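One structure below.
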Amino acid sequence: MAKPVVDPLDSVMRRGRRVHRPGFSVYWLPLTVPLAPRIVVGQKVDKRATVRNLIRRRIRSVLSQAHLRGVGLVVVGRKPILELTFQQLKADLGRILQQIK
């Protein structure tokens, strides 16, 4: 019987450390294999794709400045993220990313 394929996203979210903020949650796990950060923003946040994509772009912008290596990272957007300005998001997420480094 073949071994089931393990999705890195699942392993980071199940076994990784987590931090919750009013607008988002961050899950991370040290990994030996390089893995691109994952950003999850579901339809519960907003049903308009343009709004969800804006949130993803903002999070991706903050993550690109962090230069994390050897860490599996998942950022999950929640509904209150709509009320955050980019500067607030950058400050909150930046603080968490500094702890991860």
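The values are calculated or read from the model by the stated rules, or taken from the named source; none is laboratory data. It should be emphasised that the depicted structure is a prediction, and the values quoted were computed from it without experimental measurement. Neighbour counts run over all protein chains shown; Cβ positions are idealised from the backbone, glycine included.
What single numbered condition from (1) out of contact with any helix residue (DSSP H, G or I) (no Cβ under 8 Å at 6 or more places or on another chain); (2) part of a loop (DSSP other than H, G, I, E, B); (3) closer than 19 Å to Ile100 by Cα fails to hold for Leu68?
Only one criterion in (1) out of contact with any helix residue (DSSP H, G or I) (no Cβ under 8 Å at 6 or more places or on another chain); (2) part of a loop (DSSP other than H, G, I, E, B); (3) closer than 19 Å to Ile100 by Cα is unmet by Leu68, namely (1).
Does Leu73 count as in contact (Cβ under 8 Å) with a residue 40 or more places away in the chain and assigned to a helix (DSSP H, G or I)?
Values: in contact (Cβ under 8 Å) with a residue 40 or more places away in the chain: yes; assigned to a helix (DSSP H, G or I): no.
No.
Taking only pairs six or more apart or across chains, which ones have beta-carbon atoms under 7 Å, a first residue in region 81-95 that is touching a residue at least 24 places away in the same chain (Cβ under 8 Å), and a second residue that is of a type in the set (D, E, K, R)?
If the second residue must be of a type in the set (D, E, K, R), the pairs left are Leu82/Asp46; Phe86/Arg58; Leu89/Arg58; Asp92/Arg21.
Could you list all residues from region 30-60 that are under 17 Å from Val71 (Cβ atoms), outside any loop (DSSP other than H, G, I, E, B), out of contact with any Lys or Arg (no Cβ under 6 Å at 6 or more places or on another chain) and hydrophobic (A, V, I, L, M, F, W, C)?
Within region 30-60, Val40, Ile59 meet the criteria.
Could you say which residue among Arg21, Arg56 is within 19 Å of Gln88 (Cα to Cα), at pLDDT 95 or above, among the basic types (Lys, Arg) and surrounded by 11 or more Cβ atoms within 10 Å (Cβ to Cβ)?
Exactly one of Arg21, Arg56 is within 19 Å of Gln88 (Cα to Cα), at pLDDT 95 or above, among the basic types (Lys, Arg) and surrounded by 11 or more Cβ atoms within 10 Å (Cβ to Cβ), namely Arg56.
Rundown of residues vs (1) farther than 23 Å from Asp7 by Cα; (2) surrounded by fewer than 18 Cβ atoms within 10 Å (Cβ to Cβ), yes/no style:
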{"residue": "Ile39", "(1), (2)": "no, no"}
{"residue": "Gln43", "(1), (2)": "no, yes"}
{"residue": "Ala49", "(1), (2)": "yes, yes"}
{"residue": "Leu73", "(1), (2)": "no, no"}
{"residue": "Glu83", "(1), (2)": "yes, yes"}
{"residue": "Leu89", "(1), (2)": "yes, no"}
{"residue": "Asp92", "(1), (2)": "yes, no"}
{"residue": "Gln98", "(1), (2)": "yes, yes"}
